[in-house]
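For reference, the structure discussed in these notes is given below.
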Amino acid sequence: MADQVRINISAKTMEGVPASDPEVRITISEATGPSQEVASVTLNNFTGNAIVDVTAPTDTFPTWQVNASFSRYDGSHEFLVSRLPNKWTPSFKKLADLPSPRFDRLKQVVAVSTDVDLKNGPAVGDLSAKYDSPGHRSCWQRRLC
Amino acid sequence: MNLYAALSDEIDPIGNVPWFSYERKFVRLDQERFLAEVDPTLFENVQTIVNELASTFKAQGFFTEPPADLPLHVPNIPTKYHSDQNLVQILTVKKDYEQGNVQLTPSFLRVDNAAVHLLDCDMDEHRNIVLHSFDIVNHMVTGGTSPISMHQYIVRDSSEAAANGISSIDLGYTLV
């Protein structure tokens, strides 16, 4: 009779929040013996936690290797995940909302930066005035990261 | 914002203040690079680090690049400074911080008989100096070091410094 095995999959980003991903592929294979694949499951709309029930074939070795591959992260076996650069977009706080005291010095410098340009790009001019401008930011937001 | 995080957290070993405290105003932005007018002290302290690299600062992780590579930084200076006529001296020093390889390239110019000190600061995601020449080729294709990758380096450094392993650093932006 085949065994039923329940695996709890949990993944967090390095900031400690659940690692949501539209497609996580879980593969389970034998850790010893011929290393044949035991099961393969695709989790759609993964929200950081999932339970996977696997029916173990009767002829497999008992120690399994569980691997997960993420579509938006570069994950390790410990599920400590790194973001894939081309899958993410920065979302900036407004200049006034940057918390004190960490950003006080930055705000001081931005306030007097009135003649700024982009290398190989358009002039920004007054950085303080343009910082929160979404229309302008669309062409230079990644440079502000 | 990634550079602000690195330069706010990392200290000038001579002035014992964060590197960013020398910034006066930004003049140019680029991906993982900015140019700013800075206090002359930054230029002087980088000069000291370069001068005493072999005897003191190499042990602290500082290194530099061959003099022949320095002209590669000059085109980064905005044309309004007329570096072709006004550039007096340019220096560069690098250090492998946990957040990435930070390069500080200050320059001294005389513009209309007034001294101007600029800082060209950039950060590389690859911290092996042997690979840097490959980075330059790669940047020509991709437009620069990925800011998202730098975000990950900085967050990782913050998470590793935290007792609970969870990053608490505020970079002024989030990724969505």
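The values are calculated or read from the model by the stated rules, or taken from the named source; none is laboratory data. Small disclaimer: the values here were computed from a predicted structure and weren't measured. As a convention, Cβ positions derive from the backbone with ideal geometry for all residues, glycine included, and neighbour counts pool all protein chains shown. Note: areas computed on protein heavy atoms with side chains; ligands, DNA, RNA excluded. Shrake-Rupley method; radii C 1.70, N 1.55, O 1.52, S 1.80 Å.
Looking only at residues of segment A:99-115 that are among the hydrophobic types (A, V, I, L, M, F, W, C) and surrounded by fewer than 16 Cβ atoms within 10 Å (Cβ to Cβ), we find that the one that is farthest from the other protein chains (Cβ to nearest Cβ) is A:ALA111. One residue is enough: does segment A:113-120 have a residue meeting the conditions of a type in the set (S, T, N, Q) and touching a helix residue (DSSP H, G or I) at 6+ places or on another chain (Cβ under 6 Å)? Scanning segment A:113-120 turns up at least one residue that is of a type in the set (S, T, N, Q) and touching a helix residue (DSSP H, G or I) at 6+ places or on another chain (Cβ under 6 Å). Just one of the numbered conditions (1) surrounded by fewer than 21 Cβ atoms within 10 Å (Cβ to Cβ); (2) away from chain A (no Cβ under 14 Å) is not true of B:PRO106: (1). For residues in segment A:1-39 being open to solvent by 50 Å² or more (accessible area, probe 1.4 Å), among the hydroxyl-bearing types (Ser, Thr, Tyr) and more than 14 Å from A:TYR73 (Cα to Cα), which is modelled with the highest pLDDT? It comes out as A:SER35. Here is the figure for segment B:148-176: residues that are in a loop (DSSP other than H, G, I, E, B) and at the interface with chain A (Cβ under 7 Å from one of its Cβ atoms) total 5.
Within segment B:1-43, if we keep just the residues that are facing chain A (nearest Cβ under 9 Å), in a helix (DSSP H, G or I) and not hydrophobic (A, V, I, L, M, F, W, C), the residue that is most open to solvent (accessible area, probe 1.4 Å) turns out to be B:SER21. Of all residues in segment B:78-103, those being part of a loop (DSSP other than H, G, I, E, B) and open to solvent by 10 Å² or more (accessible area, probe 1.4 Å) number 3.
Residues in segment B:64-77 that are away from chain A (no Cβ under 14 Å), surrounded by 14 or more Cβ atoms within 10 Å (Cβ to Cβ) and of a type outside the set (Asp, Glu): B:THR64, B:LEU70.
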